[in-house]
Amino acid sequence: MEPVLTKYIREPHSYALDFYLKKHQGYEGLRRALAMEPNALIDMVKASGLRGRGGAGFPTGMKWGFVDQKTDKPKYICCNADESEPGTFKDHVLMERNPHLLFEGCLIGCWAIRAKVAYIYIRGEFYHVQRIMEAELKKAYAEGYAGKNIMGSGWDCDIVIHRGAGAYEAGEETALIESLEGKRAQPRIKPPFPAVSGLYDCPTAVNNVETLCNLPPIVLNGAEWFAGLGPEKNGGPKLYCVSGHVQKPGVYEASMHVTLKDLIYGHAGGIRGGHQLKAVIPGGSSVPILLPDQLDIPASFDAVVNAGSMLGSAGIIVMDETTCMVWAAMNLMHFYKHESCGKCTPCREGGDWLYKILAKIERGDGELRDLDLLTSVANNIAGKTLCAFGDAEATPPLTTLKHFRAEYEAHIREGRCTVGADWRARGTVAAAH
Ligand SMILES: Cc1cc2nc3c(=O)[nH]c(=O)nc-3n(C[C@H](O)[C@H](O)[C@H](O)COP(=O)(O)O)c2cc1C
Ligand code: SF4
């Protein structure tokens, strides 16, 4: 498939307004959208089958259809640019190299749900990206593509870029809204969902960066074109972030017909240095592991679920045979225990305990009964918390125990790691801890 979203990102000035206008038919999708009734636009997005690229794969048109239009309150688009899931680095590429595509997508979204402001909530660490976006947004305002009377249509709509403070949990949609309101980034109880009561208690659609970037091409080329690019209900172009032990880690754009195997061995050049593939986490760190014999499947939302995992944020983390799975689980738990927002007891306390038990096993002090304890603590977090973070943090210990229990038992039996990881041999284990 010819890239759609990232076609020109390697060209030096791909971020600039002039470039966007010339090469991408810039803002032509918005012009056409403004000639449509908002409801017709929502129907078009529904017909395209566009599914959210932020993690859950929820249909975007359906989400917009839930935005309460009976109230007189303002409506908002909140673009989720918090991108903090480990192994995920696609949204920042779009924002850095093709920011006008996102601005145009935000404006099309606003027109569809009758909003007059879109907030782009950008991850705190993306300071350099924010500077590019702000400079380009200024140009878009100056040339009449944002702000008052957009392209002479009489319609006003603002885009506001708001930088977070670098918290993973601020990517959860209601925590993001809290943070935008100036409060601590902790999730709200749902329902009510943001579509009914979101930002400032007003109807709000929270959409991922990549999701919104798909809107201009949908309006330009039609719903059928978009749906036809991928398998049924998995249409459109998709960005994949391939990282870990591959020859060429990077962001690759493909149709969701592409298999996980093609992404790893084709696009990313296969496993580095003649090593063997051991395990793959296909959707950012929060989803279950797939084994090498499970990769000959389309990298689509539905096929990955059928294989027992999730496509999530399409962060494909590849591990070769030198990876100690006890260490990998401990490493991920270090992240989760640090990032818990602390609102629910099972997540706040349980995450810390999972890390402590994993660290005990990893350093060679584990006992066999720790494996039951690990399972029990993880199962008392999953499904028992306010937001999906709880399920995510229970996953690394549960999925590694399921597939690599023998490795845990070997650590306990021998009091050391039995995987011949070369970074351990080089004595860099302290840095890894
Ligand atoms: C802990 C946690 C972190 C999340 N982080 C992000 C994120 O960084 N970016 C994102 O788009 N969605 C993230 N999500 C998903 C959002 O809650 C929400 O579903 C998404 O922004 C909706 O956009 P979409 O429908 O376009 O996918 C996160 C969810 C959870 C539970
Ligand atoms: S599950 Fe964790 S991150 Fe989510 S609200 Fe509860 S404490 Fe916060």
Just checking, does the range 212-234 include any residue being among the aromatic types (F, W, Y) and touching a Phe, Trp or Tyr at 6+ places or on another chain (Cβ under 9 Å)? no
When you scan the range 200-209, do you find a residue that is at pLDDT below 95, polar (S, T, N, Q) and either open to solvent by less than 60 Å² (accessible area, probe 1.4 Å) or in contact with a helix residue (DSSP H, G or I) (Cβ under 9 Å, 6 or more places away or on another chain) (or both), even just one? no
For the range 65-72, does any single residue satisfy the condition of being at negative phi, part of a helix (DSSP H, G or I) and within 16 Å of ligand 1 (Cβ to nearest atom)? yes
Can you pull out every residue in the range 344-379 that is closer than 30 Å to I189 by Cα and buried (at least 17 other Cβ atoms within 10 Å of the Cβ)? C344, P346, C347, G350, G351, W353, L354, Y355, L374, V377, A378
What number of residues within the range 6-25 are among the aromatic types (F, W, Y) and in a loop (DSSP other than H, G, I, E, B)? 2
Select from the range 228-256 the residues that are open to solvent by 40 Å² or more (accessible area, probe 1.4 Å) and under 18 Å from K46 (Cβ atoms) and list them in ascending order. G228, E232, K233
For the range 302-309, state whether one or more residues are within 16 Å of ligand 1 (Cβ to nearest atom), crowded, with 19+ Cβ neighbours inside 10 Å and not basic (K, R). yes
In the range 152-159, is there at least one residue being free of Cβ contacts under 8 Å to residues at least 12 places away in the same chain, open to solvent by 10 Å² or more (accessible area, probe 1.4 Å) and within 16 Å of ligand 1 (Cβ to nearest atom)? no
Pairs needed: first member in the range 378-395, without any contact (Cβ under 8 Å) to a residue 40 or more places away in the chain and within 18 Å of H334 (Cα to Cα); second member anywhere, within 12 Å of ligand 1 (Cβ to nearest atom) and open to solvent by less than 30 Å² (accessible area, probe 1.4 Å); C-beta distance under 7 Å; at least 6 residues apart or different chains. I381/C347; I381/G390; I381/E393; A382/G390
Take the residues of the range 345-381 that are in contact with a Gly (Cβ under 6 Å, 6 or more places away or on another chain) and in a loop (DSSP other than H, G, I, E, B): which is nearest to ligand 2 (Cβ to nearest atom)? I381
Residue that is surrounded by the most Cβ atoms within 10 Å (Cβ to Cβ), among those in the range 165-178 that are more than 13 Å from ligand 2 (Cβ to nearest atom) and more than 16 Å from the chain's Cα centre (by Cα): I177
Pairing a residue in the range 78-91 that is among the small types (G, A, S) with any residue that is within 16 Å of ligand 2 (Cβ to nearest atom) and not in a strand (DSSP E or B), where Cβ atoms lie under 7 Å and the two sit 6 or more apart in sequence or on different chains, gives S84/Y168; S84/G171; G87/S285
Per-region count, the range 36-60, residues open to solvent by less than 30 Å² (accessible area, probe 1.4 Å), of a type in the set (A, V, I, L, M) and under 18 Å from G228 (Cβ atoms): 2
Where residues in the range 61-83 are out of contact with any Lys or Arg (no Cβ under 7 Å at 6 or more places or on another chain) and open to solvent by less than 40 Å² (accessible area, probe 1.4 Å), which of them is nearest to ligand 2 (Cβ to nearest atom)? N80
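The values are calculated or read from the model by the stated rules, or taken from the named source; none is laboratory data. Computed from a prediction, not measured in an experiment: that's the story for all the values here. Please note: Cβ atoms are built from the backbone with ideal geometry, for glycine as well, and neighbour counts cover all protein chains shown. Keep in mind that these areas ignore ligands, DNA and RNA; they rest on the heavy atoms of the full protein, side chains included. Shrake-Rupley method; radii C 1.70, N 1.55, O 1.52, S 1.80 Å.
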